[in-house]
Amino acid sequence: MLAILAFVALSVVGLRPAHAQIDTLAREITDSTSPLSDSQVEALKRYTDRYLQQLEAGAGLPQDDASAEAARKMLQSPLIRAATTPPFRLAYSRLTIDRLRALAEGSSPTLAIQALQITGDLATDAAVSVSEGLLASPDDSIRLSAAASLRKTYEAVTLSAPAVNPARLEASLRAIGKALETESNLDVVRSLSEASIVAMRIDRANHESVRSMAAASLSNSLGARIRELSGAIPDEKMLVSMVTAAAALRDALAIGGRVDANASRAAAGFAGDILTNLSKTVNRGGLSTEPADQDPARARSVQLALLAEQIIALSQTRLGGQSGPIDLSNRLRSGAVNDDAAFTLDVARVCERLTRPPFDHQADRFR
């Protein structure tokens, strides 16, 4: 144990000069608004080569893992500064992406996860491609990390100056949506959903299409999963993902110009899927007759119904339709048999509205 601690201590001490190099990089390279000069690229290459080699060598023994972790942090450090510029990111990406891809796709899950943490902060088209590719990994932990990596990239688009094109972000969101439809690990489902929500909140000019793709893809993918439930009450983790997504969609719709008409329609369809499943749950006796303040399952159902009715009302406003009154959640609150029956009738009425303009969903979607 003492030997391991000594090794880690020496590793940390050994990194101190490199922190000075980070300061040099930050001032002379990372803030460059024009393509890096040959000498700047060479300095950056020396830096990345040093820590990539340390990262590549680290796996297995505790001291090796600590060394790899330290190298990963050094490789991330210049990428997480708010002032880091696109020219720097592009140069950094050209120097590192092949080796990061090899680590991400290699046989060591530990190193793959370390590499994905870096590609998330790198925020270039090539880095997004690496993260996106690992969404289909057979390893749960790597899929989870790939989703988290894309989330970090979406965060970087708002918080710093990324070097990734909106079209590439949209493609990654389509990949997330595809993964969401079939993902079996509910922790990964949550991570994929949260990544989409972060993309939906990107606050940067000329990124409405990205926000809209995030909203539409999330709505369509989770809606498909809800339809498969056929009235069953979902697992608690899935419920959390549904509630979180519904709240985020409601908030996006509440801000004018945040998402486009297609995303608004998709969100309304998702809300209709929620209501249809709740109606089926009630019809099959899936909820007790206790009121919501005494039954957590009914309380969660009321919460979902309220979010769904808010989404539909906001969507109708965004699409230019005339919003009629919707008050489904209060029907569900009491647990009384007659109120539950009225709830199912009201759901049918509201969902029938979703098959007409301005929503125009398929007539059999909500059956």
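The values are calculated or read from the model by the stated rules, or taken from the named source; none is laboratory data. Given the structure is predicted, the values throughout are model-derived calculations rather than measurements. Reconstructed Cβ throughout: ideal geometry from the backbone, glycine too, with neighbour counts over all protein chains shown.
May I ask you to say which residue of Ala82, Ala70, Ala43, Ala91 is of a type in the set (A, V, I, L, M) and not in a helix (DSSP H, G or I)?
Ala82
Could you grab me the full set of residues in the range 217-242 that are touching a Pro at 6+ places or on another chain (Cβ under 9 Å), hydrophobic (A, V, I, L, M, F, W, C) and within 16 Å of Val188 (Cβ to Cβ)?
Met242
Name every residue in the range 244-267 that is touching a residue at least 40 places away in the same chain (Cβ under 8 Å), of a type outside the set (Gly, Ala, Ser) and surrounded by fewer than 23 Cβ atoms within 10 Å (Cβ to Cβ), in order of residue number.
Of everything in the range 244-267, those that are touching a residue at least 40 places away in the same chain (Cβ under 8 Å), of a type outside the set (Gly, Ala, Ser) and surrounded by fewer than 23 Cβ atoms within 10 Å (Cβ to Cβ) turn out to be Thr244, Arg250, Arg258, Asp260, Asn262, Arg265.
I'd like to check something: does the range 268-282 contain any residue that is basic (Lys, Arg), out of contact with any Lys or Arg (no Cβ under 6 Å at 6 or more places or on another chain) and either touching a residue at least 40 places away in the same chain (Cβ under 8 Å) or assigned to a loop (DSSP other than H, G, I, E, B) (or both)?
Checked the range 268-282: at least one residue is basic (Lys, Arg), out of contact with any Lys or Arg (no Cβ under 6 Å at 6 or more places or on another chain) and either touching a residue at least 40 places away in the same chain (Cβ under 8 Å) or assigned to a loop (DSSP other than H, G, I, E, B) (or both).
Kindly indicate whether Gln54 is surrounded by fewer than 23 Cβ atoms within 10 Å (Cβ to Cβ), of a type outside the set (Ser, Thr, Tyr) and assigned to a helix (DSSP H, G or I).
yes
Condition first: surrounded by 21 or more Cβ atoms within 10 Å (Cβ to Cβ) and in a helix (DSSP H, G or I). Can you find one or more residues in the range 199-208 that meet it?
Yes - at least one qualifying residue is present in the range 199-208.
Please verify whether Ser230 is among the hydroxyl-bearing types (Ser, Thr, Tyr), closer than 16 Å to Ala271 by Cα and in the same structural domain as Leu287 (by TED's automatic domain parsing), treating the condition exactly as stated.
Spelling it out, Ser230 is indeed among the hydroxyl-bearing types (Ser, Thr, Tyr), closer than 16 Å to Ala271 by Cα and in the same structural domain as Leu287 (by TED's automatic domain parsing).
Which numbered condition trips up Pro234, out of (1) modelled with pLDDT of 95 or more; (2) crowded, with 17+ Cβ neighbours inside 10 Å?
(1)
Would a scan of the range 355-362 turn up a residue that is basic (Lys, Arg) and touching a helix residue (DSSP H, G or I) at 6+ places or on another chain (Cβ under 7 Å)?
no
Working carefully through the options Ala59, Ala66, Ala104, Ala91, find the one that is closer than 26 Å to Asp140 by Cβ, surrounded by 15 or more Cβ atoms within 10 Å (Cβ to Cβ) and modelled with pLDDT of 95 or more.
One residue alone meets the criteria, Ala104.
Does any residue of the range 167-174 turn out to be aliphatic (A, V, I, L, M), surrounded by fewer than 19 Cβ atoms within 10 Å (Cβ to Cβ) and touching a residue at least 60 places away in the same chain (Cβ under 8 Å)?
No, there is no match, as no residue in the range 167-174 is aliphatic (A, V, I, L, M), surrounded by fewer than 19 Cβ atoms within 10 Å (Cβ to Cβ) and touching a residue at least 60 places away in the same chain (Cβ under 8 Å).
For the range 315-367, how many residues meet the condition of being of a type in the set (Ser, Thr, Tyr) and in a helix (DSSP H, G or I)?
Result for the range 315-367: 4.
Among Leu222, Leu239, which is touching a residue at least 60 places away in the same chain (Cβ under 8 Å), within 24 Å of Ile142 (Cα to Cα), in a helix (DSSP H, G or I) and not acidic (Asp, Glu)?
Just one listed residue meets the conditions, Leu239.
Tell me yes or no: at least one residue of the range 214-226 is more than 20 Å from the chain's Cα centre (by Cα) and within 30 Å of Ala336 (Cα to Cα).
No, the conditions are met nowhere in the range 214-226.
Just one of the numbered conditions (1) out of contact with any helix residue (DSSP H, G or I) (no Cβ under 6 Å at 6 or more places or on another chain); (2) crowded, with 22+ Cβ neighbours inside 10 Å; (3) aliphatic (A, V, I, L, M) is not true of Ile118; which one?
Of everything listed in (1) out of contact with any helix residue (DSSP H, G or I) (no Cβ under 6 Å at 6 or more places or on another chain); (2) crowded, with 22+ Cβ neighbours inside 10 Å; (3) aliphatic (A, V, I, L, M), Ile118 misses just condition (1).
Just name the residue that is nearest to Gly133 (Cα to Cα) out of those in the range 154-195 that are assigned to a helix (DSSP H, G or I), among the hydroxyl-bearing types (Ser, Thr, Tyr) and not assigned by TED's automatic domain parsing to the domain that holds Ala248.
Here the residue is Tyr154.
Could you list, in sequence order, all residues of the range 116-145 that are of a type outside the set (Val, Ile, Thr) and more than 22 Å from Glu183 (Cα to Cα)?
Asp121, Leu122, Ala123, Asp125, Ala126, Ala127
Just one of the numbered conditions (1) modelled with pLDDT of 95 or more; (2) within 20 Å of Ala163 (Cα to Cα); (3) outside any helix (DSSP H, G or I) is not true of Pro138; which one?
(2)
Cβ-Cβ under 8 Å, sequence separation 6+ or interchain: first residue in the range 30-55 and in the same structural domain as Ser67 (by TED's automatic domain parsing) and over 29 Å from Thr110 (Cα atoms), partner of a type outside the set (A, V, I, L, M) and in a loop (DSSP other than H, G, I, E, B). Which pairs?
Within 8 Å, the pairs are Asp31/Thr84; Asp31/Thr85; Ser32/Thr85; Thr33/Thr85; Gln40/Ser32.
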